[in-house]
Amino acid sequence: MLIVGLGNPGAQYSHTPHNFGFLTIDRLAAEAGIRVSRPEANALVGRGEISGSPVILAKPLSFMNLSGGPVKALLGKYELELRNLLVIYDELDLPWGTLRLRERGSAAGHNGMISVIDALDSQEFLRLRIGIHPGRRVADGAAYVLQPFKRTQEKELDAILGRAADVVRLLLSDGAAKAMAVCNRRAEGSDTEGK
């Protein structure tokens, strides 16, 4: 399976809400002993095994709005079908720390996903969304997603990334239906669940 985390390259973006995809890839790589460092198809790539399944972990080197090119190129390079793709990214429409796993869906205004869907000409692929809404009014969403994490958010990062990695492992070991049932049921039970 090709597992792509969306984000923006560069140190100034590394610890921002918009880089939850990159951070999740880093967590998966660290726990599985995979080095995501080989440049391929305008992305950093690492190959290995997670939960007994061969995986390709990738972080596009393009900026978020151009993520589709590297994703399409990697699918082609490794001759993978869309059913073998998981894209991980941040979602401002979900409360902070909420996880949602889906098999298909629209981009919902997320520029990285707009690019991926356009490049693949399909919405039929797995995606894991990580909620980043802070629970207060966000006047400028574009500015918020690129600001460094607040101190209170930093304290919760490790737990959120741990849960995201758990969902990916469950997906790989038990399949999408089981992973969605577990991940999305937990989200439904949250007191802070939004739209």
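Tally the DSSP beta bridges in the chain and give the antiparallel ones as a percent, rounded to 5. Close to 50 percent. In this structure, GLN12 and SER53 have a Cβ-Cβ separation that, at R0 = 30 Å, corresponds to a calculated FRET efficiency of about 0.30.
Put in line by how crowded their Cβ is, counting other Cβ atoms within 10 Å and starting with the fewest, ARG35, ARG151, ARG127 read ARG151, ARG35, ARG127. Only DSSP H runs of four or more residues enter the estimate; each adds -39500 (n - 2.57), and after division by the residues of the chain the mean residue ellipticity at 222 nm equals -12000 deg cm²/dmol. Note on ALA30 and ARG104: their simple-model spin labels are 3.6 nm apart, each label 7 Å out from Cα toward Cβ. Here the chain is assigned +1 on the Cβ of each Lys and Arg and -1 on the Cβ of each Asp and Glu. Its dipole about the Cα centre then comes out at about 200 debye. By the count of neighbouring beta-carbon atoms within 10 Å, fewest first, THR24, THR16 end up ordered THR16, THR24. Backbone N atoms of segment 66-92 closer than 15 Å to the 7 Å Cα→Cβ label point of ALA177 are not found in any residue.
We did not get these values from a lab; they are worked out from the coordinates using the rules stated. Only a predicted model underlies this, so the values are computations on that prediction, with no experimental measurement involved. Note: ideal-geometry Cβ built from the backbone for every residue, glycine included; neighbour counts use all protein chains shown.
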